[in-house]
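**Q** Starting off with a structure, shown below.
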Amino acid sequence: MKKKILIIAAHPDDEIIGCGGTLLKHIFNKDDVFVVYASDGESSRINGKSKISKRKKQAIEVAKNAKIKKFYFLNYPDNQMDKINLLKISKSIQTIVDKVEPDIVYTHHYNDLNIDHKITFEATMVACRPVRKKNITEIYSFEILSSSEWHGRSCLNFKPNVFVNINDFFQKKISLMKIYNNEVMHSPHPRSIRSITSKAASRGSEVNVLYAEAFELIRIIK
């Protein structure tokens, strides 16, 4: 049965790093995929304001190439989402949730080092709380290289318990990631192509496939 998939990402590029292969697999399976970008991803950086438009154009190009059905920019300031009232962020996400009526939601891990990732997770959980009529039956958190593994608190580590085989979609994931050319770093940085490939291979080896993306199940309703 065709499903509606909503990916709620803090920054343009997180959707590809965290679940690009899974996103492509959903689209291949004829599911409708929607993406929310909470922050502009640039404004906290040197000359960041001048780069916001470029980052948006890259996200649009990614969406076009991946055949994402629709995307939304919330335009919150980069790495400053903790300065925005959580209720305001939650309501802006909830408006989209109510419009899309997703079956499955993917978002960030609750203990990422990046503050925008943490706030996006919290706001997503508020927006997706099961108190009104909603279609959401599954919520997953994804890992972001250079954030999920850098927080330093092992007791709250990302603990994957769901793995998606992305063998047939991995090369396309890499090609989409390269569109965000300013976010692809040189090896051995975690966001280098080599590191992204190594992580996918490592996650794949945990479940005996070539490449995989890993998720932590947050909630499932059967």
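Each reported figure results from applying straightforward, stated rules to the coordinates on display, with no laboratory input. Just so it is clear, the model here is predicted, and its values are computed rather than measured. Using ideal geometry, Cβ is built from the backbone for each residue, glycine included, and neighbour counts are taken over all protein chains shown.
**Q** What number comes out for the charge environment of Val35, summing +1 per Lys or Arg and -1 per Asp or Glu over other residues with Cβ under 14 Å away?
**A** Summing Lys/Arg as +1 and Asp/Glu as -1 gives +2.
**Q** Right, next: Net charge near Phe158, counting Lys/Arg +1 and Asp/Glu -1 over other residues with Cβ under 10 Å of its Cβ?
**A** Details: positive: Lys159; negative: Asp112, Glu143, Glu149, Glu216.
That sum, taken over residues with Cβ under 10 Å, equals -3.
**Q** Would you mind checking which residues have amide H under 5 Å from Val162's amide H? H placed 1.01 Å from N; only 5 or more apart, or other chain.
**A** Hits under the 5 Å cutoff: Phe215, Leu217.
**Q** Along the stretch 163-179, what does the Karplus equation 6.51 cos²θ - 1.76 cosθ + 1.60 (θ = phi - 60°) give for ³J(HN,Hα), rounded to whole Hz, x for Gly and Pro?
**A** Per residue, the Karplus-derived 3J(HN,Hα) values read 10, 10, 6, 10, 3, 7, 10, 5, 5, 5, 4, 5, 5, 5, 4, 5, 5 Hz.
**Q** Additional query: How far apart, in nm, are the 7 Å Cα→Cβ label points at Lys49 and Lys178?
**A** In this crude label model, Lys49 to Lys178 measures out at 3.4 nm.
**Q** Let me ask another. Return the long-range amide H neighbours of Tyr76 (sequence gap of 5 or more, or a different chain), with a cut-off of under 5 Å between placed amide H atoms.
**A** Amide H neighbours of Tyr76: Ser39, Asp40.
**Q** Which value in Å does the Kirkwood hydrodynamic radius of the chain take, with 1/r averaged over all unlike C-alpha pairs and then inverted?
**A** 17.3
**Q** Report the label-to-label distance for Asp98 and Glu206 in nanometres (one decimal), using points 7 Å from each Cα along the Cα→Cβ vector.
**A** Placing both labels 7 Å beyond Cα along the Cβ direction yields 3.7 nm.
**Q** Considering only Cα-Cα distances, which of the following residue pairs are longer than 22 Å: Lys69/Lys134; Lys3/Lys178; Lys67/Lys172?
**A** Violating the 22 Å Cα-Cα cut-off are Lys3/Lys178.
**Q** Cα centroid distance between the stretch 183-217 and the stretch 109-147, in Å?
**A** Result: 21 Å between the Cα centres.
**Q** Rounded, prolate or oblate: which one fits the stretch 38-135, using the alpha carbon gyration tensor with axes a ≥ b ≥ c (rounded when a/c is under 1.5, else prolate when a/b beats b/c, else oblate)?
**A** Taking the square roots of the gyration eigenvalues as a ≥ b ≥ c, the stretch 38-135 is oblate.
**Q** Now for a separate question. Calculate the spin-label point distance for Arg194 paired with Lys3, positioning each point 7 Å from the Cα along the beta-carbon direction, and give it in nanometres.
**A** Using points 7 Å along Cα→Cβ, the separation is 3.6 nm.
**Q** Please identify, among Asn165, Asn29, Asn114, the residue showing maximal mean-square fluctuation in a Gaussian network model of the chain using a 10 angstrom Cα cutoff.
**A** Comparing Asn165, Asn29, Asn114 in a Gaussian network model of the chain, the most mobile one is Asn29.
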